[in-house]
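The block underneath contains the structure these notes are about, expressed in structure tokens.
The values are calculated or read from the model by the stated rules, or taken from the named source; none is laboratory data. Source: prediction; values computed, not measured. Backbone-built Cβ (ideal geometry, glycine too); neighbour counts: all protein chains shown.
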Amino acid sequence: MRLGRSITRLHLLVTAAVAVLALGLPGSAANASAVGVTSPGVYLGGPNECEGIFPDVPTGYPFCQYIEHMHHIGVAQGFSDGTFRPTSVLRRQEFAAFLYRYVQHHRGIEFIPPTAPTFSDVPPSHPFFEAIEWAASAGIMEGFEGAFRPGAPMLRQDLARAMYHFAVWDQYRGAESFMPPSGPTFLDVPASHFLYKEIEWNAAANVMLGFVDGRFRPRVEARRQEAMAVLARYYNPVGVPADKVA
């Protein structure tokens, strides 16, 4: 039995390592050569030790600290089978819910959704109706010709845009007055990119980082674990291990 558990744990850790490699070992593009050899660091947003509360996020998992902290403050609840599914694609409705719970925890806002839905595909009976309506009313997430597409995946550029507009709404970290640099930080996000300012703010604020090859990969689908890391970094940008964030 112990041998079986050890093999299962080893499989999860190997899977986690492969997932991180698949994500490109995220880290600052300006410090790309140092990524992977950084000191462990201390996560200031919560406990530095993981408990392994999700079977697919063991204590040695690279994003364990962020996932468990977000779970403890009520942001991320996991699935009915007890798993978190960290490398699953991040859906628009999921991020709206994560962000809404995050704001409720940190700001304690009270929001009354409209009686008439804003989006044709998000009726009042939708499980994330309140969160989606809040995100829309705050100007953080927009729809598509009257629809929200709640089950659609979020790209990394979508996540950067949402975090930037969240910071503007939050009046936090100079987002509203931010002036992007004349020279791009990332090889694949030129100054002509339609979300150049939003992506550059995330990089400057240390909220979202690039990959070791100097790219941001804006059109790569974001993962659930990335959302946890990004939210953790938003209010706690100092001391977070650079090799463990998106």
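In this structure, ARG233 does not qualify as surrounded by 15 or more Cβ atoms within 10 Å (Cβ to Cβ) and over 14 Å from the mean Cα position of the chain (by Cα). Checked against (1) aromatic (Phe, Trp, Tyr); (2) in a loop (DSSP other than H, G, I, E, B); (3) modelled with pLDDT under 95, TYR66 passes all but condition (2).
Take the conditions (1) more than 23 Å from ARG101 (Cα to Cα); (2) touching a Pro at 6+ places or on another chain (Cβ under 6 Å); (3) buried (at least 22 other Cβ atoms within 10 Å of the Cβ); LYS197 misses just one of them, which is (3).
For first residues located in region 151-171 and more than 25 Å from ASP121 (Cα to Cα) and among the hydrophobic types (A, V, I, L, M, F, W, C), partners that are assigned to a helix (DSSP H, G or I) and at pLDDT 95 or above and lie 6+ apart or on another chain with Cβ distances below 8 Å form the pairs ALA167/TRP201.
If only one of MET179, MET163, MET141 is surrounded by fewer than 18 Cβ atoms within 10 Å (Cβ to Cβ), out of contact with any strand residue (DSSP E or B) (no Cβ under 7 Å at 6 or more places or on another chain) and at pLDDT 95 or above, which one is it?
Details: MET163 fails: surrounded by fewer than 18 Cβ atoms within 10 Å (Cβ to Cβ); MET141 fails: surrounded by fewer than 18 Cβ atoms within 10 Å (Cβ to Cβ).
Among MET179, MET163, MET141, only MET179 is surrounded by fewer than 18 Cβ atoms within 10 Å (Cβ to Cβ), out of contact with any strand residue (DSSP E or B) (no Cβ under 7 Å at 6 or more places or on another chain) and at pLDDT 95 or above.
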